[in-house]
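Here is the structure we will look at, set down as structure tokens.
The values are calculated or read from the model by the stated rules, or taken from the named source; none is laboratory data. Quick caveat, the model's predicted, so the values are computed rather than measured. Methodologically, a virtual Cβ is constructed for each residue, glycine included, from the backbone with ideal geometry; neighbour enumeration extends over all protein chains shown.
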Amino acid sequence: MDAVHTTPEGGQLATEGDSALIVLDVMLPGGDGRMVLRKIRALSDVPVIMLTARGDETDRIAGLEAGADDYLPKPFSPRELVARIRAVLKRRLPQPTQPQIIAIGEIEIHPLTRQVLQDGAEVMLTGAEFDVVLLLVKSAGKVVSRDEIAEICLGRPVTPPSIAAWTIT
């Protein structure tokens, strides 16, 4: 991790370095961070999170329209900055590609359109049913418990918390 404290240093490091992400303050000594952002965007698509004491809507919109990936007004929580860094970097990761069609015998599963065909005829499934079918097909050869299916496909446990944890008054 590198840190610089002036506009000329920031511009040089940002355009010559191989940074994974840049956190850039708008109000830098010796110039304007937005000028550095323009230099960065002319040469690179490295993710940039802008920090500024100017937190009004106009400044945030101007920063985003100038090419910032995120904009965080001061004062801010360091935990929020870390969360935003993670979110920006996660969006930049290559997304795993799903096959266009998964074929199993006479069954075709189309993950992108969320369709299942059997012998060319569409099988009508709810969203949750499709998620279960896709999970089971992708987990072929592995045991998938009912609780795992509920957590992954429904986003919640299938069984309620233990009765021992309940208080009856």
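Among residues of the stretch 81-93 that are in the same structural domain as Pro47 (by TED's automatic domain parsing), those with a Cβ under 7 angstrom from a residue that is β-branched (Val, Ile, Thr) and surrounded by 11 or more Cβ atoms within 10 Å (Cβ to Cβ), sequence gap 6+ or separate chain, pair up as Arg84/Ile49; Ile85/Ile49; Val88/Ile49.
All of Thr52, Thr6, Thr58, Thr113 fail the test of being crowded, with 16+ Cβ neighbours inside 10 Å and of a type in the set (S, T, N, Q), apart from Thr52. Evaluation of Leu81 against the conditions (1) of a type outside the set (Gly, Ala, Ser); (2) out of contact with any strand residue (DSSP E or B) (no Cβ under 8 Å at 6 or more places or on another chain); (3) at pLDDT 85 or above shows that the sole unmet condition is (2).
For first residues located in the stretch 125-137 and assigned by TED's automatic domain parsing to the domain that holds His110, partners that are part of a helix (DSSP H, G or I) and surrounded by 15 or more Cβ atoms within 10 Å (Cβ to Cβ) and lie 6+ apart or on another chain with Cβ distances below 7 Å form the pairs Leu125/Val133; Ala128/Cys153; Asp131/Cys153; Val132/Ile149; Val132/Cys153; Leu135/Ile149; Leu135/Cys153. The set of residues from the stretch 104-122 being modelled with pLDDT of 90 or more and in a strand (DSSP E or B) comprises Ile107, Glu108, Ile109, His110, Gln115, Val116, Leu117, Gln118, Ala121, Glu122.
Of the residues making up the stretch 125-157, those that are part of a loop (DSSP other than H, G, I, E, B) and exposed (fewer than 13 other Cβ atoms within 10 Å of the Cβ) number 9. Filtering the stretch 61-71 to residues that are of a type outside the set (Asp, Glu) and surrounded by 19 or more Cβ atoms within 10 Å (Cβ to Cβ) leaves Gly63, Ala68, Tyr71. Against the list (1) surrounded by fewer than 16 Cβ atoms within 10 Å (Cβ to Cβ); (2) within 17 Å of Ile85 (Cβ to Cβ), the condition Ile22 fails is (1). Number of residues in the stretch 39-76 that are among the charged types (D, E, K, R) and over 26 Å from Leu93 (Cβ atoms) equals 5.
Please note which strands (runs of 3 or more DSSP E) are completely contained in the stretch 1-87 and include at least 1 residues that are among the β-branched types (Val, Ile, Thr). Once the strands (runs of 3 or more DSSP E) in the stretch 1-87 are filtered for at least 1 residues that are among the β-branched types (Val, Ile, Thr), what remains is 22-25, 48-52.
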